[in-house]
């Protein structure tokens, strides 16, 4: 299976680091030159439907270039990585071939954000790995496997950018995530260095105490309801609500 790594020309240290990780497992990749945010003009930036940064737009465009390339290829699947990805020592097993991927999969998320997600009934791959339908939002986009047909669909659906890339792919509140067949590898073989998601840490830091109290109460209520909902899934179905561990060993 072909692997691609998105990398800025000015990020040579990152390129060296991820090259070493791939070489340690005798894996190869093709470098995709990333779109640099400093090349995004104000005219290209302003029409965005949301308040996206130039960095978010550049990230999206970098992935979109690869979707176009994968769509034009003949291989049924390809793996896409950002250059700050950390690879599990088990990565080669899943990147050398695609026979383990369910035939209906549009995207297989091979990364974890280490937050709880809803998974469908698992399909065991061996005693320590399984794969299951991803049924709830699980952001970050440092590592995923995409089918040729999905690459074609996503390229056509992204002529106008209105969301950060990881929300476009993995946030079930939006299209096209709602209509894609998404799977999650459990355990994950990719971890993004120091990342928490493209919308983390934005509005809210300057709220007054009067504003923060009701917000925190709402958050507590939401988390409690989600916890009860997850417990019901785990106790009454063959699906699960869990954190996806990283296969570090």
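The values are calculated or read from the model by the stated rules, or taken from the named source; none is laboratory data. Since the structure is predicted, the reported quantities are computational estimates derived from the model, not experimental observations. Quick reminder, even Gly has a Cβ in these numbers, built from the backbone with ideal geometry, and neighbours come from all protein chains shown.
Structure notes:
- Exactly one residue out of 128, 112 is surrounded by 23 or more Cβ atoms within 10 Å (Cβ to Cβ) and modelled with pLDDT of 95 or more, and it is 112.
- Only listed residue being in contact with a helix residue (DSSP H, G or I) (Cβ under 7 Å, 6 or more places away or on another chain) and either surrounded by 14 or more Cβ atoms within 10 Å (Cβ to Cβ) or at pLDDT 95 or above (or both), chosen from 25, 21: 25
- Where residue 163 falls short, out of the listed (1) more than 13 Å from residue 188 (Cα to Cα); (2) surrounded by 18 or more Cβ atoms within 10 Å (Cβ to Cβ); (3) under 14 Å from the mean Cα position of the chain (by Cα); (4) at pLDDT 95 or above: (4)
- Restricted to segment 230-245, and to residues there that are touching a strand residue (DSSP E or B) at 6+ places or on another chain (Cβ under 6 Å) and in a helix (DSSP H, G or I), the residue that is surrounded by the fewest Cβ atoms within 10 Å (Cβ to Cβ) is 234.
- Only one of 5, 35 that is without any contact (Cβ under 8 Å) to a residue 60 or more places away in the chain and surrounded by 19 or more Cβ atoms within 10 Å (Cβ to Cβ): 35
- Annotation: residue 92 fulfils all but one of (1) surrounded by 19 or more Cβ atoms within 10 Å (Cβ to Cβ); (2) not in a loop (DSSP other than H, G, I, E, B); the unmet one is (1).
- Condition met for residue 26 (over 18 Å from the mean Cα position of the chain (by Cα) and on the phi > 0 side of the Ramachandran plot): yes
- Taken as a whole, the structure places residue 44 among residues that are on the phi < 0 side of the Ramachandran plot, surrounded by fewer than 19 Cβ atoms within 10 Å (Cβ to Cβ) and modelled with pLDDT under 95.
- Restricted to segment 182-213, and to residues there that are modelled with pLDDT of 95 or more and in contact with a helix residue (DSSP H, G or I) (Cβ under 8 Å, 6 or more places away or on another chain), the residue that is farthest from residue 113 (Cα to Cα) is 182.
- Qualifying positions in segment 131-153 - touching a helix residue (DSSP H, G or I) at 6+ places or on another chain (Cβ under 7 Å), part of a helix (DSSP H, G or I) and closer than 30 Å to residue 238 by Cβ: none
- Note on segment 1-88: enclosed helices (runs of 4 or more DSSP H) holding 2 or more residues that are within 18 Å of residue 143 (Cα to Cα) and touching a strand residue (DSSP E or B) at 6+ places or on another chain (Cβ under 9 Å) are 12-24, 54-72.
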